[in-house]
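Shown next, in structure tokens, is the structure this report addresses.
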Amino acid sequence: MAGPTTAERGARKSPNGTDGSARPPRRGAADGRSRLPGPRSLLIALAATVLVAGGIWVLYGSAWLRAERVRTTGTDVLSVREVEKAAAVPIGTPLISVDTDAIEARLRHKLPRIDSADVTRSWPHGISLKVAERKPVLLLRMGTKFAEVDVKGVRFATVDTGAAPKNVPLLELAADGSPSLRRFGTDRLVAEAVRVRAGLPPQVAADTRTVTVRSYDAIFLELTGGRTVVWGSSEEGEAKARALTALMKAEPKARHFDVTAPTAPSVAGS
């Protein structure tokens with residue numbers, strides 16, 4: 001089939017010589033002209049710039065929001081002055097620029113008695129220090145002093161005999177000739193003693209005066225009233241606690257208890 005003739009092709013063109021499919025030119029960038037922002041847009045941009053600059057100046061440059069005071073809570077053995085000295089809060093600096101993470105790190109490093117520290121900004125002028133001190137669960141004799149040991153097995157402070165906390169059991173390490181000392185080391189044996197102490201029934205824990213470690217699986221308790229407990233290792237702690245509670249209830253006059261094998265406990269001296 002033949003295509004359109006020359007006359008037909010000519011008929012499709014507009015009077016200005018272009019065909020009918022041509023699009024009108026776009027206004028704006030196409031014709032060399034661009035729209036400029038109106039006065040309202042300029043005012044909004046200017047106001048935003050002023051607000052941002054003003055906010056930065058208030059936070060960093062003005063005297064309104066600066067660290068001026070420190071508030072400390074959670075102390076027990078430590079004094080507020082000790083904590084604030086170790087924290088070394090940069091008084092007078094912009095509050096927004098105070099490095100709270102660095103303060104927390106300083107507290108834990110300089111005061112090992114601190115287990116955790118939470119440092120927060122208290123607008124407009126304060127820094128809050130909330131500390132939690134470690135609590136001793138055992139006392140380890142160190143010559144004429146005692147090392148306080150917490151529930152994590154951390155030896156965090158050394159105190160004189162007269163300053164040792166009351167009602168905290170004494171930890172006796174008597175494993176010098178035991179293969180356990182060479183195999184596990186002192187820290188592991190201390191940790192095992194802590195596990196035993198943490199798993200004791202409440203009344204037994206209150207009555208415990210000494211925890212003696214002769215080896216990994218030979219841990220003994222000395223209680224008030226001349227009573228003793230052969231505990232064994234720290235394994236099966238819950239079962240041993242239940243067995244000891246039952247024995248003490250069944251034999252209240254007994255003086256020696258053995259829960260090394262919790263399924264076959266024994267008593268003596270009743």
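Values in this text are rule-based calculations from the coordinates and carry no lab data. All of these numbers come straight from a predicted model, not from anything done at the bench. Quick reminder, even Gly has a Cβ in these numbers, built from the backbone with ideal geometry, and neighbours come from all protein chains shown.
Details
- Annotation: the antiparallel percentage among DSSP beta bridges lying fully within segment 69-133 is about 60.
- Listed residues ALA164, THR100, PHE146: farthest to the positive end of the dipole of segment 63-180 (Cβ charges): THR100
- For segment 104-181: rounded, prolate or oblate by the Cα gyration tensor [a/c cutoff 1.5]: prolate
- Links that overshoot a 23 Å alpha carbon limit, given the list LYS110/LYS135; LYS110/LYS145; LYS152/LYS240; LYS145/LYS166; LYS130/LYS166; LYS135/LYS166: LYS130/LYS166
- Rounded if a/c under 1.5, otherwise prolate or oblate - segment 214-264, Cα gyration tensor axes: oblate
- Anisotropy class of segment 69-133 from Cα gyration tensor, a/c 1.5 cut: prolate
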